Every structure is written in C-alpha cells, then in structure tokens.
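Before any comments, here is the structure.
The values are calculated or read from the model by the stated rules, or taken from the named source; none is laboratory data. The model shown is predicted, which means the values in this text are computed figures rather than measured ones. Ideal geometry is used to build each Cβ from the backbone, glycine not excepted, and the neighbour counts take in all protein chains shown.
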Amino acid sequence: MKNKTIVILIILMGSLLFVQGCSNPETEAPEVTVAPGEENVEESPTKEEPVNESPPIGIFQGNTAPDFTLYDLEGREVCLWDLRGQQVIVNFWQLSCPPCLAEKEVFQSFVDEYGNEEVVILSVNLRDSQQQVEAYMAEHDYTFPVLYDTRDNFAAVEYGVRATPTSVFIDENGLVKHRVEGMMNLEFIRERVGIE
C-alpha cells in the first residue's frame, strides 16, 4: 500500500511538472488606458543602475580595511573608521622587537616634519604592559598615538600580523593601499603616502 501511494505521488508530481512546462510562458500585457488629452507614450525599459558595492573587508590591497576600536595611553577610544578622510598608517609593534623600536624614531621624524593631520600614525602595541609602553614613549618624547591591542590581539589577528613590525597603509576612503612586514625608513613612508 505504501509503495502504491509513493508511485501515485510521483505520477501526480510528474504530470504537474509536465503541464507547467507546456504552458505558454508569454502572458498578455494589460491594456493601458489613456485619459483624454494625454499621450500614450511607451516607456523604454529601464536599465538597472549599477550597484555601488564597497570592496570586501580584508587586509589586501584594494580591500576595505577591517575596523577596530582600541584604547590609547590616556584611555580614550580610537576607532579606525572615524579617521576616514585621512590617510592612516597602522603599525603593529612590541618593545622586545629592536626593528620596531628603531622604526619609532622614523615615525616621530615623520610626525615632526608633516604633523599628524593628513596622515595619522596609529602605533598598535602588542603584548607589553601599559606602564612599560608609557615609560618608553615618555623616555623618547614620542608624540604619535599608541593604542593597546588588549583583547587577545584582536586587531593583530584581523590584520593577519605574523611578525613585528607590520604596517598597513590605508587611504582616505578606508581602503588598504600597502602592507609592509619589516622596518621602514622615512623615504619609504613618504613614497607610500605620496609625499615627495
């Protein structure tokens, strides 16, 4: 009995699909009525406007840079996406990394020469205590912002940081321009941000 029911259901479904497939796909357009004194102007089919899609979020050139909100030395929140309209260099570093420490001098030279308005340097520290970083920054009179990646290196993971120093250059629209693993010099930074 069970097999007969299944066979009947299969036959009914097949018949239904056959009837649906054989039906006329064209349907008559509804009649358009025009009020007296108006013209009957047929509208041309409208083209769909291209969708302005943002690039995907990611760490590669042309991607939208992943957003993060971290805290600076004074405990203020700094949100990357709040800096749109400015170029940003996100630099991941730690005190146990000699090239990272040498690069801090380069960043301070850049800030001394160009300020921190058009190009913002966000120096994201990994693993060191706030007291250690504050002492280091004060000892060297560095003035660029230092952020703490406190939530299990959340930002470092989002940016795929494998070694320090790692820097990511982000344009005014929030798109990744360049990604650099290793120490940079002042001339290299100037070239990457378009300052000759």
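Laid out as a table, the results:
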{"read-out": "Residue tally, condition touching a helix residue (DSSP H, G or I) at 6+ places or on another chain (Cβ under 8 Å) and outside any loop (DSSP other than H, G, I, E, B), over region 168-179", "value": "4"}
{"read-out": "Test: residue in region 31-48 that is over 19 Å from GLU181 (Cβ atoms) and either assigned to a helix (DSSP H, G or I) or modelled with pLDDT of 95 or more (or both)", "value": "no"}
{"read-out": "Complete set of residues in region 146-196 that are within 17 Å of GLN108 (Cα to Cα) and touching a Leu at 6+ places or on another chain (Cβ under 6 Å)", "value": "VAL146, LEU147"}
{"read-out": "Subset of region 102-144 [on the phi < 0 side of the Ramachandran plot, among the acidic types (Asp, Glu) and over 24 Å from the mean Cα position of the chain (by Cα)]", "value": "GLU103, GLU105, ASP112, GLU113, ASP128, GLU134, GLU139"}
{"read-out": "Candidates GLU74, GLU117, GLU105, filtered to the one that is closer than 21 Å to ASN185 by Cα and at pLDDT below 95", "value": "GLU117"}
{"read-out": "Subset of region 150-161 [at negative phi and either modelled with pLDDT of 95 or more or not in a loop (DSSP other than H, G, I, E, B) (or both)]", "value": "PHE154, ALA155, ALA156, VAL157, GLU158, TYR159, VAL161"}
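Listed here are the residues, each with its yes/no results for (1) in contact (Cβ under 8 Å) with a residue 40 or more places away in the chain; (2) in a helix (DSSP H, G or I); (3) of a type outside the set (Phe, Trp, Tyr).
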| site | (1), (2), (3) |
| --- | --- |
| ASN91 | yes, no, yes |
| LEU95 | yes, no, yes |
| VAL133 | yes, yes, yes |
| TYR142 | no, no, no |
